[in-house]
Every structure is written in structure tokens, then in C-alpha cells.
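The values are calculated or read from the model by the stated rules, or taken from the named source; none is laboratory data. A quick note: this is a predicted structure, and the numbers were derived from the prediction, not measured. Neighbour counts are summed over all protein chains in view; Cβ atoms, including those assigned to glycine, are modelled from backbone coordinates with ideal geometry. For accessibility, only protein heavy atoms count, side chains too; no ligands or nucleic acids. Shrake-Rupley method; radii C 1.70, N 1.55, O 1.52, S 1.80 Å.
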Amino acid sequence: MIDGRKLGPRDIGKLPGEQLTFIDTKQLMPLPAPFDNPDTWPKWQEPKPEWREKYAASLDGVIAIDTFETPKTKEEQDELVRKFLSGVEKMLSNEANKGIIQCLNLSMEYCAKCNTCSNACHIFEASGYNEIYRPTYRAEVLRMIVKKYFTKGGKLMPKFVGADIDLTWEVVARLGESAYRCNLCRRCNQTCPLALDNSLFAKEIRKIFSQEMGIAPKPLFEKGDMLQLKTGSSTGITKAAFLDTIEFLDEDCADLTGYEYVTPIDKKGADILLIHNAGEFMAWPENPTAFTILFNEAGLDWTLSSDMMGYDNVNYGIWHDDLMAKKLAVAQNEAAKKLGVQRIVIAECGHAHKAAAVVADRFYPGKDRVPVQSFLPLLRDLVLKGTYDLDPSRNNFLTTLHDPCNYVRQMGIVKPQRDILNAVMPKGNFHEMEPHGVNNYCCGGGSGFAIMNSMNFTYFRNSVSSRKKLQQVLNAFGEASADPNIIKYITAPCSNCKGAFRDLLEAWHMEDYNFHYGGLVELVVNAMTKFETPFLEFLRDE
Amino acid sequence: MILTIFCWLALILFFGLSLWKAKQFASLPMHGRQDLYPIPLESSEKHAYGGSYMEEDRWFEKEHKHNNVAMVIDMLGEMLFIKKLFVNQNKFWWISYALHLGIYAALAWTVLLFVGAFAGMESAFGSIVYVLVTIAGVVAGVLMTLGTIGLIVKRLTVLEFKNYTTPQEMFNLFFLLAVAVTGLLTFLLNGCNFTYGYAITYAMTRFQALSEVCAGSLYPVANTGILYLHIILLGLVMIYIPLCKMSHYVGKYFTFHNVIWDNRPNLPGSKVEATIIKESSIAPAPGKNWSAPHYQPAPAPTDEAK
Ligand code: SF4
Ligand code: SF4
């Protein structure tokens, strides 16, 4: 294995049949208390021999693509390279890749190799600067391949133009894995003096694997897109189960609050179709319940949909496959049209915000689109208007706010959540992370990582990709971080981010220090004077 | 005369090829949205923290005004100062900025020389122009030399740059260095003045042979060997720049304007919608689409299934 800090893009094919580099646990970014001692860190999980045998573990020992069985015979290996190149050709096609070709060509052509973007990447920094995680690493490898096989310069003077790469099956396999070491958070894009987007390269490699080779992590494709298209939700919740769940949630809500709130379903011609990430119903049911309370209290004309494509706003396609992204977005829009609602409001899910409001925005003519907006401005206006009788002292603990990349950096929704928090938290209890807002760091669960748990990928997420966020959280709470007597709540208004925080808190045993996490709407309901019992479970336990 | 023609050719090709490059990017299909905040086109209040029109309830019913002044200021900050590099990588900004400032000075020098070709050196206006030509020329030569040397040293010695730099990228830097050094040498070997520059633009605008102008009494140039070498290198670099990635002045317009700042929504009746409709026929030819199984049309039901 080679020390990652010494690797260059040309080295990606080195050590065939072996692991190229490793996560150097001694070099990982240091953390403040209570994790200033490396003995408190999660332990590295060596890939099992049978995993190595079957999957592509030869990049850094981590396996993200749990459906990619490495080729064994020479024919299979050659076929893998051939298919990859055929995917690269389509990636470069104005027709097959029309939705991104302009941006891709710009990023492909103009990188000045100034490395400004590298300083912005939380994964690169957290790893202790292992080159394979540098934003430009996979970009440069792909650029070399493109030059070698698809440009005249690359054919005539490969060394001169930087096309001297030997494209073996191992390079393809490592490149495929490396595409899942980037959260597609686009923080690097923001700092580039030429506004180039290195996340595009990760996404395009994922697309080549998915769209050409039919290979994508199971949680994204088979158990994600495909399951959602088949049953209506990537959680597998069918329409009948969804209806039952809502009934249960309303009953539980009545038990807890003493008030009957009915979640409207399939109300034709309503103003608002609210779409949740269906994961909330199972993992964080208090979140949809809080929405029901808040929307009903405000007297909004709203509904959920029980249409097969109307009750889960998830769209994993945006991370790896254009066709899947489009199919899901179109179907969700159709469900809204069927109900005749005026607008779709996306609940607390970051990627669903971006998928429905931004990515899908140019999929079909505007006249066929039901307008999509975030729940945040709506709720901000309601809170600031005094719709709810709020007592911030009911949220008598510390909090910090995580900014989901998808709707903050990539949609510019920054202030409403802060207006809400400032209205529901006691003065001085809300501590911003640094940096925050559009300069935030990803939670480490972005682009599918939060739901990818196969083999040892979890280690990578909890110890590397979420590390910077952990550092930010600890810094935000300062000395209180190590004090188990002080309650600390990480406000994460996004399902995927919450998933990442759930695992992070567990892997680092942060409950021992009284850390909690959850959404934003829960804080609003918890501050409502109307209810006697605290809405937040950890306050009830106190 | 050949050199005069070559000078015109280089100038025309520089602009022509740059426009051609821009046209290539502009003719590609409209991409999906890639907004990245902060976007200076938003209101100044929102721009300050990176907010957008999507922070408004029912944003689709509200007017979305563009703040073009802030956009121009931002763009100028990037163009003139490479602001993002300064903010995010202060350590190397100076080197890169020296080179870029040197190039801007060289552009100013060229424009001033064309003015000088008509203003001469005698009139009051002409002498002001001459002073400016001298300042711009010296600044261009010195900063381009220092900037390119700095970048070359950085790329040869710092591993994180060395590993990613191709021979062509080194060649580009040496090419620019050669232009700057021959320019400075021509200046130094010809009495430390820019009469030679006047000779070039005079020959170009009067369509005369450069050798005749240099041999004449208006703009005499004694050491023409180094001058001709400089002109050839300068002309070649001008033709080469739009053809290689040094044409990032074209790309940068698109990446900012057309990509990360383009948050125009697809509202009914909008330009975006019109483009979507117009481009809906762009599709891969048969056999050229992605070939994973889920991209294949669903098979027709078999007789048995029917
Ligand atoms: S998109 Fe985010 S995770 Fe990916 S390279 Fe850029 S900064 Fe790193
Ligand atoms: S900041 Fe931009 S130009 Fe510089 S290395 Fe990164 S992608 Fe390339």
C-alpha cells in the first residue's frame, strides 16, 4: 500500500491486485474534547478476505458499491474496460448527456490545477490529506482517460497532454469506488476561481457505472429507485401501509398532546400538497406529526397524497442515474397534478428539495409543472406572524443548526430556518457552527452515504466523511460538548442529514455526553404553550 | 511585410478563435440547473448571506428582479483580482495574480500602442500615451516574467502541484515566459523605450513592412533580431491561447453566468420553458443511448404472457 499523501493521479493503476492506499488512522483530522484522544475514535474495519475477493476493495479498503463483483477472467476484465469506455463516450455526447454536457465540458477543459478547491473539501481534510480524496484526483484521472481515448492530442502526444494512463480494469474499479468518496456537496465548486465543479466528475463516473454498466450501490438503485417505482417508496411502505401509519401517528399525537389532529389525505384541489421523506414515518415519526400539528393549527388548506408516487419525496436518482431521477420526479409531479393542488411543499428533506425544485425544474415545460417550494418560508412566515403561542424557554437546552447542502448552498434557503430557530429558542442557546449558511460543510451523509451501510462503508462515513461535521458540532458547543449534564440538540432539518447524525452519535457514543439530534419543526411544536407534555422525547425522559 | 501580415493574423485569430470557442459552448444544449449560492444577481440583502428567491413563500407568484449592478461588481472582482483565489488560497494568489496583472497590462499596452500609432509621440496627448505605454509595458514584462517563473517553480517543487501538472501545462508557462522575456530584452536592447511597439502598430495600421518602419526615422529600431523573435512568439501565443485551456477567460464567463448563477426558474411562458420545448427533440441516435438494462425499452409482452 502507498502512503496516500504521496499518490498522484497517474498512480491509480499501481499495485494491481493489491490495495492501493489506506485510511491512515494516525493522520485523521484531530478533534476537540471529548474526542481529543484517538483511543476514543471508532476502530478501522479491515475488509474481510471474502469481501476483498468478491468486491472492489483495492482503492482504500472501503467498499461502497455492494453490487460490483469484480471481474475474474481476462474476458470479463476486458469487457469491463470496454463498457466503461463506451459509457465515457456517452458521457461526452451532446445528445445522451444533454442535461449536463455544457457544464461538464467546461469543467473538463479548464481546470488550472490551482488546488484552491482542495482546501474546501471536508473529506480530503478529514482524511489527513490522502490524495485520492482530493476533489481534483478523480477528475484528473477521468480527464486523462478522456484525453487518451477521445481527443486527437491524446492520441498523437499522450505524454505531452497528460493522457499517459494505462486503463486497466483495476483503474475502472478504483475509479468507480472513488466516485463514492465524494458527497457531491459542491463546496469545492464554490471556492474555485473558475467556478468548476469537481463533484460533476464523481457524479458522471457514478452515472457511467449505473447507466452504462448497470452497477450502483443497492441502497440507491435496487432498494432505492427501483423499489420506489414499484411500491411507491424506497422504504417499501405501500399505499395501505402508508394509510395505516398516518392513522397511527394521528392517534399517537392525540395521546401525547391531548388534542385530535387529523392529517388530511388526498384532499382534491387543496392549496398545498406536503410531501415527506417516507423514511420519517418509520425512523422519526414525530417529524410528520409536528407538521400535522403546525399546518392544522395554522388552518392551512393542505393534504398528503396516498398516490403511489405521492407520499415519498425521495429521489435517489439525482445521485447516480438521470433516467431514474427523471422517472421519479415526473411521477411525483403527476401525483400532484392528479390531486389538483396549487403547489408542492417539500418537508424536511434536503435532497428532495433539490430534486423536486431544482433538478427536475428543466425536465419538462413549465406549464406542466406544479410549482414546488420549501416548507421553510411558509413556516417562517407563520411563526413570525404569531400564528403559534410560543414559549422559547420550553426549549431549554443548547442547539446548533446544520445547513443541508442541497437547499442551502444549492438553493439559497438560508435565513428562514434561522428566523424560526431564533423565535423558538431562548436567547443565547442557539450556537451557529463555523462556517455556516452557504459555506457550511456537508454532514458526511450526502449523495447517498447516509443510507449506504454495507460492509465497512459505515466506517468511512462515521470516521472520515462526517468527521468535519463532528468537529463543527463540538466546536459550536465548546466546553459544553464534553459536559454530560448539558443537553445539546443538533437541529438537522433534513432526513438524510438526520440519518448521518443518528449513526454518528451512535458510533461516537455521543449519547453519553447528552447529544441529541432531530428536526426543526419538532422544536417549534415543543415551544408551543398549548401542550403540557414536552413534544421532544428526551425532555420527557428527563 | 510578412511580419505585418502575421501581426494582423495573430490579432484576428486571437479574437476570432476566442469567439469561436464561446460559440461552441453557447451552442450546447441548455443544462439542468446548477445554481450555487451566493449568487450576486439576487437582491443585495440576500446576496450578502447567499439567499435566493426560493426563501419566499409562493416564490413562483412573486417578481424575481435581477441585481445586475452587484453581478457586474462580482464579475469585475473575479476578473480584475481573481477574488476567489485571494479569499481561498491566499498563499499562491500573489504569484498567479502577478501573471494575470501582467497580461492585463500587456493588453492595455497593446491598446495604447494602437492609440499611439495615430497620436504619435509629439502632441501633448501623444506624450501622455507614451508615458502610459511605458508604464504598461514595463509592468507587463516584469510581472509576467515574475509570475510565470513563480508558477513554474511552484509546479516543479510542490508535490501537490507537480503531480497534477501535465507537460503541456508547463509548456504553456514557458511559452508565456519566453514572450515576456523577449519583450523585456527588446526593450532593454533598444534604448529602454517602447519605440519598437510604436513601430509594430504603425506598420500594422499603415500596412507597411515592419523592416521598413524599423529602418526609417519615425520609429527606428536598431536590434530587429530580438524584435522579430518577440513578435513571432507573441503572435504564436495569441493564436495558441484560444486553442488551449489558457482560454479560460471564455470558459469563466460561462461557468459563472451560465452555470452557477443561472437560477432562472422554468415558469410557464418563460424563456427557459421556450428553450426546453425547442430542445426537446435532442435525443441520442438509435444505438447511441445508455445501455444499462433499465435504459432498454420494456420488452413487448410475449404470446405466452398475453
Ligand atoms: S463535492 Fe464536496 S465532497 Fe465532493 S470533492 Fe467537492 S467538497 Fe469534497
Ligand atoms: S479550484 Fe478550480 S481550477 Fe483550481 S484546481 Fe480546483 S477545479 Fe481546478
Checklist entry - List, please: which pairs have Cβ atoms under 8 Å, are six or more places apart or on different chains, and start with a residue in region A:435-460 that is without any contact (Cβ under 8 Å) to a residue 24 or more places away in the chain and end with one that is open to solvent by 10 Å² or more (accessible area, probe 1.4 Å) and more than 16 Å from ligand 2 (Cβ to nearest atom)? => result A:Pro435/A:Tyr441
Checklist entry - Residues in region B:57-64: is at least one open to solvent by less than 60 Å² (accessible area, probe 1.4 Å) and within 23 Å of the chain's Cα centre (by Cα)? => result no
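Do we have A:Leu256 as assigned by TED's automatic domain parsing to the domain that holds A:Ser93, in contact (Cβ under 8 Å) with a residue 12 or more places away in the chain and aliphatic (A, V, I, L, M) here?
Working: assigned by TED's automatic domain parsing to the domain that holds A:Ser93: no; in contact (Cβ under 8 Å) with a residue 12 or more places away in the chain: yes; aliphatic (A, V, I, L, M): yes.
The answer is no for A:Leu256.
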Item to check | Residue identified as part of a loop (DSSP other than H, G, I, E, B), in contact (Cβ under 8 Å) with a residue 60 or more places away in the chain, in the same structural domain as A:Ile145 (by TED's automatic domain parsing) and crowded, with 17+ Cβ neighbours inside 10 Å among A:Ile12, A:Ile65 | outcome: A:Ile65
Checklist outcome for this item: Checking A:Asn429, A:Asn439 in turn, the sole residue that is within 16 Å of ligand 2 (Cβ to nearest atom) and in the same structural domain as A:Gln472 (by TED's automatic domain parsing) turns out to be A:Asn439
Checklist outcome for this item: Note on A:Phe201: of the conditions (1) within 27 Å of A:Tyr407 (Cα to Cα); (2) surrounded by fewer than 24 Cβ atoms within 10 Å (Cβ to Cβ); (3) of a type outside the set (Val, Ile, Thr), unmet is (2)
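Is it the case that some residue within region A:97-118 is of a type in the set (Asp, Glu) and touching a residue at least 12 places away in the same chain (Cβ under 8 Å)?
In the first step, residues of region A:97-118 are kept if they are of a type in the set (Asp, Glu); the result is A:109.
Okay, now just the ones that are also touching a residue at least 12 places away in the same chain (Cβ under 8 Å), so none.
The answer is no, given that none of the residues of region A:97-118 is of a type in the set (Asp, Glu) and touching a residue at least 12 places away in the same chain (Cβ under 8 Å).
So that you can scan it fast, the table gives a plain yes or no per residue for (1) part of a helix (DSSP H, G or I); (2) more than 9 Å from chain A (Cβ to nearest Cβ); (3) farther than 22 Å from B:Ala136 by Cβ:
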position: B:His64; (1), (2), (3): no, yes, yes
position: B:Ala70; (1), (2), (3): yes, yes, yes
position: B:Asp74; (1), (2), (3): yes, yes, yes
position: B:Leu80; (1), (2), (3): yes, yes, no
position: B:Lys84; (1), (2), (3): yes, no, yes
position: B:Val87; (1), (2), (3): yes, no, yes
position: B:Phe92; (1), (2), (3): yes, no, yes
position: B:Leu99; (1), (2), (3): yes, yes, no
position: B:Ile103; (1), (2), (3): yes, yes, no
Next on the checklist: Can you tell me how many residues within region B:157-173 are outside any loop (DSSP other than H, G, I, E, B) and within 13 Å of chain A (Cβ to nearest Cβ)?
Outcome noted: 11
Checklist entry - Under the condition of being surrounded by 23 or more Cβ atoms within 10 Å (Cβ to Cβ) and among the aliphatic types (A, V, I, L, M), which residue from region A:97-140 is nearest to ligand 2 (Cβ to nearest atom)? => result A:Ala139
Item to check | Top-ranked residue in region A:172-193 [being in contact with a Leu (Cβ under 8 Å, 6 or more places away or on another chain) and either facing another protein chain (nearest Cβ under 10 Å) or β-branched (Val, Ile, Thr) (or both); ranked as farthest from ligand 2 (Cβ to nearest atom)] | outcome: A:Val172
Checklist entry - How about region A:87-178: which helices (runs of 4 or more DSSP H) wholly inside it have at least 2 residues that are within 13 Å of ligand 1 (Cβ to nearest atom) and assigned by TED's automatic domain parsing to the domain that holds A:Asp197? => result A:122-126, A:135-150
Checklist entry - Which one of these does A:Asn422 not meet: (1) open to solvent by less than 30 Å² (accessible area, probe 1.4 Å); (2) assigned to a helix (DSSP H, G or I); (3) within 21 Å of A:Ile487 (Cα to Cα); (4) free of Cβ contacts under 8 Å to residues at least 60 places away in the same chain? => result (1)
Checklist outcome for this item: Of the residues in region B:22-44, those that are among the small types (Gly, Ala, Ser) and within 7 Å of chain A (Cβ to nearest Cβ) number 1
